[in-house]
Ligand code: ADP
Ligand code: MG
């Protein structure tokens, strides 16, 4: 990958003015709990996305994605009219948020370059939004705190891109810390950092199936969860978040829900409890038990929330059969994308390759995999871009 400064220069004939980067993330546990007001744990991975930016003194907007190998030109007065390639919605959504703050009148030039796989549940979208938000924040001299940039990026994805995602992705990508798990309480938007035990290793395996979140089962699940809440609020006054219910509530009232809605609700409510237990077991140093909770989370996704896939089930099944794997589960929205495994240091590259071999003979496609440390979140880059991935 070429130096992004050079790419910027080649594309636009002038140098960049700000460079920001943001990592992808894994969802460690807390599946579809965030938009249900629950707790969810994520961690930043080694793969990063970079945004180079320069503000212009006219109305022109030019965007170049090195990954898409595509350059798009629009303007401040026409950018929101649609008809642009879908990927431009992420930076333009963030730009739109800054415009609503009344702080920017003119256009800009931007280059994006990334090693985060897209559409695989590793949150390249939040990385794109957060890196863009940081670069604008820097150039406009706003000094907005990270929490404001997280909120602004989240709104950009909800409103402008049109994906009703919860707060997890932007929070983890924005606040990520080296060796720190980000524990988000999505009902308040607050988070805390939990030091990952030093003897835990994370592996990521990619299926060869990408997901598409707009007009997808993701939106359908979002609607189903809202319908459960509406139905239950008639008999349990004052409930605001599905994740805050007790499993007994689902048992008591499943009679007023159809079977599908009852299963969705049970997944969310039980997953919320697993998140708490996961933290407690990690805190007590019982990594084996924490791993079992990852397996249980996957099982619930598969059977109750129905957001897994044969490829994810296969990977998780293979991984869980290896003694040095503490636990494994799908990571992110599901229906394809990536699985993660929490392992001891005994889990070797040979083990990972053997899982990839088995997958390949089953699905005739080789899954990518890598091990990742837990990395720092989005930041303004002062040094030259170095692709360390
Ligand atoms: P995920 O966040 O899991 O990767 P999403 O569907 O939420 O999946 O977001 C992926 C989308 O983000 C891509 O389809 C693309 O539109 C956009 N995107 C991410 N990275 C880039 C990039 N480097 N260049 C252009 N678009 C990107
Ligand atoms: Mg995304």
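The values are calculated or read from the model by the stated rules, or taken from the named source; none is laboratory data. Since we're looking at a predicted model, the values are computed, not measured. Note that each Cβ is placed from the backbone with ideal geometry, even for glycine, and that neighbours are counted across all protein chains shown.
Can you name every residue in segment 1-18 that is closer than 29 Å to residue 166 by Cβ and either buried (at least 24 other Cβ atoms within 10 Å of the Cβ) or assigned by TED's automatic domain parsing to the domain that holds residue 242 (or both)? Of everything in segment 1-18, nothing turns out to be closer than 29 Å to residue 166 by Cβ and either buried (at least 24 other Cβ atoms within 10 Å of the Cβ) or assigned by TED's automatic domain parsing to the domain that holds residue 242 (or both).
Taken across segment 229-244, residues that are away from ligand 1 (no atom under 16 Å from the Cβ), at pLDDT 90 or above, part of a loop (DSSP other than H, G, I, E, B) and within 25 Å of the chain's Cα centre (by Cα) do occur, with at least one present. Listed by position, the strands (runs of 3 or more DSSP E) enclosed by segment 50-161 that each have at least 1 residues that are within 16 Å of ligand 2 (Cβ to nearest atom), modelled with pLDDT of 95 or more and closer than 26 Å to residue 9 by Cα are 60-65, 108-114. Being within 11 Å of ligand 1 (Cβ to nearest atom) and buried (at least 19 other Cβ atoms within 10 Å of the Cβ) is a description that does not apply to residue 33.
Within the group 141, 119, 107, 82, which residue is out of contact with any helix residue (DSSP H, G or I) (no Cβ under 8 Å at 6 or more places or on another chain), outside the structural domain of residue 294 (by TED's automatic domain parsing) and within 28 Å of residue 368 (Cβ to Cβ)?
Sole residue among the options that is out of contact with any helix residue (DSSP H, G or I) (no Cβ under 8 Å at 6 or more places or on another chain), outside the structural domain of residue 294 (by TED's automatic domain parsing) and within 28 Å of residue 368 (Cβ to Cβ): 119.
For (1) in contact with a strand residue (DSSP E or B) (Cβ under 7 Å, 6 or more places away or on another chain); (2) more than 19 Å from residue 382 (Cα to Cα), each residue gets a yes or a no:
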residue: 72; (1), (2): yes, yes
residue: 77; (1), (2): no, yes
residue: 87; (1), (2): yes, yes
residue: 102; (1), (2): no, yes
residue: 106; (1), (2): yes, yes
residue: 114; (1), (2): yes, no
residue: 132; (1), (2): yes, no
residue: 145; (1), (2): no, no
residue: 166; (1), (2): no, yes
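Within segment 250-268, the set of residues being more than 11 Å from residue 304 (Cα to Cα) and surrounded by 18 or more Cβ atoms within 10 Å (Cβ to Cβ) comprises 250, 253, 257.
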